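Engineer: Sharing a structure here in structure tokens format.
The values are calculated or read from the model by the stated rules, or taken from the named source; none is laboratory data. Note that the coordinates shown come from a computational prediction; the quantities given were computed from them, not determined experimentally. Glycine gets a Cβ as well: all are built from the backbone with ideal geometry, and neighbour counts include every protein chain shown. Please note that ligands, DNA and RNA were not included when accessible areas were found on the heavy atoms of the full protein model with its side chains. Shrake-Rupley method; radii C 1.70, N 1.55, O 1.52, S 1.80 Å.
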Amino acid sequence: MQAGRTDEAAPGMRRMTVAQAIVTWLANQFIEIDGKPQRICAGGFGIFGHGNAPSLGEALYEARDALPLYRGQNEQSMGFAAAAYTKAHLRRRFMFCTASAGPGTANLLTAAALAHANRLPMLMLCGDNFLTRLPDPVLQQLEHFGNPTLGVTDAFKAVTRFWDRITHPAQILNSLPAALNTMLDPADCGPAFIALPQDLQGWAHDYPEAFFTPRTHRIRRAAPDPADIAEAAALLTGAKRPIIIAGGGVQYSQAVAELTAFADAHQIPVVETIAGRANLVWDHPLNIGPIGVTGSDSANAIAGKADVILAVGTRLQDFTTGSWSAFAPDARIIGLNVGRHDAAKHLSLPLVSDARTGLLDLAPALKGYTAPTDWLALAKAERKTWNTYVARNTGPRNGLPTYAQAIGAVNARCTPQDRVVTAAGGLPAEVTANWRTLGIGTVDVEFGFSCMGYEIAGGWGAKIAQAETNPKAETIVFVGDGSYLLMNSDIYSSVLTGHKLIVIVLDNGGFAVINKLQKNTGNASFNTLFADCPTIPEPFAVDFAAHARAMGALTEDVENLEDFGAAFDRAKAADRTTVIVMRVDPHDGWTDQGHTWWEVGLAQVSPRASIKDARTQQELARTRQRQGV
């Protein structure tokens with residue numbers, strides 16, 4: 001900053017504030033999608049306060065047409081909406097989030113962690129303490145007496161892929177491109193955080209005009225090493241019982257067609273991770289089902305017998321691998337992944353490559369190989385048995401409705417274009433196991449961070465993206481009563497902005513899935529269901545329909561599946577967000593098949609025999625766990 005200077009910039013330079021320069025640069029970054037250039041940054045979500053309104057707000061107002069700004073209700077939910085938006089756009093477009101200094105910025109931490117765990121690009125532009133320190137200590141400042149540079153914004157270093165604090169106006173000439181390169185990098189993709197001191201945001205500087213020249217970017221496709229292709233091909237062509245694990249990276253690489261063609265050509269069964277749900281439609285003959293802790297008997301059965309596993313675009317999280325018990329001890333893994341860290345996990349043969357490019361290069365190296373017919377017949381028979389179970393699990397039964405039945409009723413009424421969003425609690429497992437995918441890339445089960453509160457906020461962000469590409473399709477949110485109580489204000493956001501959602505609130509009286517975990521591990525029901533909380537003398541139910549109605553949504557409260565289905569049909573025909581509430585069974589009716597072992601921390605010492613028995617059973621199951629291999 002040059003104090004007091006207000007004269008015009010030199011030729012080829014543009015005099016702007018730091019905030020104006022950031023916004024102008026963002027508005028001039030493009031990416032080509034389906035042959036058309038579009039802004040990489042589609043706009044943002046913001047809550048203004050003293051830390052960002054005066055200068056960054058001024059710049060965003062001038063750019064409000066190019067970068068539309070959605071008013072958030074909660075900074076955390078803004079981040080969730082941004083994450084869902086970029087996920088729907090397969091990481092090719094993103095939204096920024098701006099928050100004021102102090103608690104507004106701190107509220108974004110959970111959302112940043114979610115984006116980091118899920119490898120999703122999101123830009124955070126947040127207020128910070130004054131660079132000059134002249135007015136210190138300022139409102140909402142954390143004072144660290146031995147380190148005055150330390151503050152709330154430093155907390156984001158653990159949950160971002162790129163972090164910087166702007167300490168001079170010229171610094172953004174390097175920081176902004178570096179942040180964007182990180183967000184567009186297939187291997188290092190994740191959230192970027194830029195701390196903007198409140199005074200510096202308004203400081204003027206002479207920036208080169210060339211910095212603001214519109215630029216069209218592309219996402220690189222890393223090609224595999226030919227030697228790795230040869231080694232992987234040798235391993236696969238010798239396989240008697242091969243499978244493909246298809247992860248979320250298949251969709252981000254836009255490699256669904258190549259994956260399908262590869263599996264068809266070589267007749268290799270495919271199983272899906274949670275993030276990889278909707279890589280194949282449910283009735284594709286090689287789709288053997290979801291794998292892992294929240295998977296299917298069919299996928300887990302063949303995974304346990306497989307001798308060679310081609311893991312494509314997956315980070316092999318514990319819910320995929322059954323805490324590394326899902327595979328035979330001597331099974332070999334080929335890690336086809338753009339990230340070297342993911343490709344080499346558990347001594348896998350690493351094939352570091354973009355998924356699409358890797359599959360296209362690997363296919364001819366297999367020289368016509370196809371999996372043995374008896375292996376394929378076994379896989380298809382297992383899937384047929386699982387389909388029968390799902391039909392029964394989602395069908396009629398006595399008693400209160402179940403998650404699975406609600407999922408089945410919605411599934412039967414959806415089109416292939418409709419998108420489903422859920423996260424955390426029992427619903428991710430139930431959707432993963434029971435949902436029959438009708439359209440490619442239409443399932444968003446956030447289980448990378450398994451974050452309560454993502455559901456409704458993520459639905460809003462997904463619908464904003466959907467409105468840009470397929471506005472007639474529905475965005476359907478499955479949410480439990482626990483997550484609804486945690487974060488629900490974006491029902492109001494969706495009504496305000498005209499982004500219609502269908503929100504299914506399934507009320508089981510608390511955190512029922514953790515209550516189930518307590519019972520499965522020998523523990524007592526304690527502090528999960530409202531009825532089991534010693535500090536609650538007289539539990540009562542929330543009127544979720546009345547609450548949602550107060551936020552402008554249409555609402556229906558139903559008691560049975562017949563009424564539920566009719567309410568869903570009316571919601572599809574409605575012109576605005578509709579919330580359907582149904583009480584479901586907290587104890588019975590869970591999907592009881594399709595689960596691998598899952599390692600959780602159990603007490604080694606306890607006065608209760610039930611805990612000791614659970615610990616003994618866990619150690620017995622551990623004998624199948626692959627330890628680092």
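Engineer: Can you pull out the residues in the stretch 606-627 that are open to solvent by less than 40 Å² (accessible area, probe 1.4 Å) and in a loop (DSSP other than H, G, I, E, B)?
Structural biologist: Passing the criteria: Ser606, Gln625, Arg626.
Engineer: Could you count how many residues in the stretch 321-332 are assigned to a helix (DSSP H, G or I) and open to solvent by 10 Å² or more (accessible area, probe 1.4 Å)?
Structural biologist: Let us first name the residues in the stretch 321-332 that are assigned to a helix (DSSP H, G or I), namely 321.
So of that shortlist, the ones also open to solvent by 10 Å² or more (accessible area, probe 1.4 Å) come out as none.
Adding up the residues that qualify gives 0.
Engineer: When only residues in the stretch 126-144 that are among the hydrophobic types (A, V, I, L, M, F, W, C) and in a loop (DSSP other than H, G, I, E, B) count, which is nearest to Gly57 (Cα to Cα)?
Structural biologist: Looking at the filtered set, the residue picked out is Phe130.
Engineer: Looking at the stretch 303-318 only, could you name the residues that are assigned to a helix (DSSP H, G or I) and crowded, with 24+ Cβ neighbours inside 10 Å?
Structural biologist: Ala303
Engineer: All but one of (1) within 18 Å of Ala404 (Cβ to Cβ); (2) more than 26 Å from the chain's Cα centre (by Cα); (3) open to solvent by 10 Å² or more (accessible area, probe 1.4 Å); (4) not polar (S, T, N, Q) hold for Ala573; which doesn't?
Structural biologist: Condition not satisfied by Ala573: (1).
Engineer: Here is a follow-up. Filter the stretch 263-292 down to residues that are assigned to a strand (DSSP E or B) and in contact (Cβ under 8 Å) with a residue 60 or more places away in the chain, then give me how many there are.
Structural biologist: 4
Engineer: What is the one condition in (1) open to solvent by less than 50 Å² (accessible area, probe 1.4 Å); (2) of a type in the set (A, V, I, L, M); (3) not in a strand (DSSP E or B) that Leu517 does not satisfy?
Structural biologist: (1)
Engineer: So which residues in the stretch 257-277 are open to solvent by 10 Å² or more (accessible area, probe 1.4 Å) and touching a Lys or Arg at 6+ places or on another chain (Cβ under 9 Å), if there are any at all?
Structural biologist: Ala257, Glu258, Ala275
Engineer: Any idea which residue in the stretch 333-377 is most open to solvent (accessible area, probe 1.4 Å), counting only those that are part of a loop (DSSP other than H, G, I, E, B) and of a type in the set (D, E, K, R)?
Structural biologist: My answer is Lys367.
Engineer: Whether any residue in the stretch 171-179 is closer than 21 Å to Ala53 by Cβ, assigned to a strand (DSSP E or B), touching a helix residue (DSSP H, G or I) at 6+ places or on another chain (Cβ under 8 Å) and among the β-branched types (Val, Ile, Thr) is what I want to check.
Structural biologist: No, because not a single residue in the stretch 171-179 is closer than 21 Å to Ala53 by Cβ, assigned to a strand (DSSP E or B), touching a helix residue (DSSP H, G or I) at 6+ places or on another chain (Cβ under 8 Å) and among the β-branched types (Val, Ile, Thr).
Engineer: Only one residue in Ala603, Ala567 is assigned to a loop (DSSP other than H, G, I, E, B), aliphatic (A, V, I, L, M) and more than 20 Å from Tyr389 (Cα to Cα), so which one is that?
Structural biologist: Ala603
Engineer: Next question. Would you list the strands (runs of 3 or more DSSP E) that sit entirely within the stretch 1-84 and hold 3 or more residues that are open to solvent by less than 70 Å² (accessible area, probe 1.4 Å)?
Structural biologist: By residue number, 13-17, 29-33, 41-46.
Engineer: Sticking with this structure for a sec: Of everything in the stretch 525-557 that's surrounded by fewer than 19 Cβ atoms within 10 Å (Cβ to Cβ) and aliphatic (A, V, I, L, M), which residue is nearest to Ile407 (Cα to Cα)?
Structural biologist: The extreme case among them is Ala545.
Engineer: Next question. Name the one entry in Ile219, Ile166, Ile172, Ile229 that is open to solvent by less than 30 Å² (accessible area, probe 1.4 Å) and under 30 Å from His284 (Cα atoms).
Structural biologist: The match here is Ile229.
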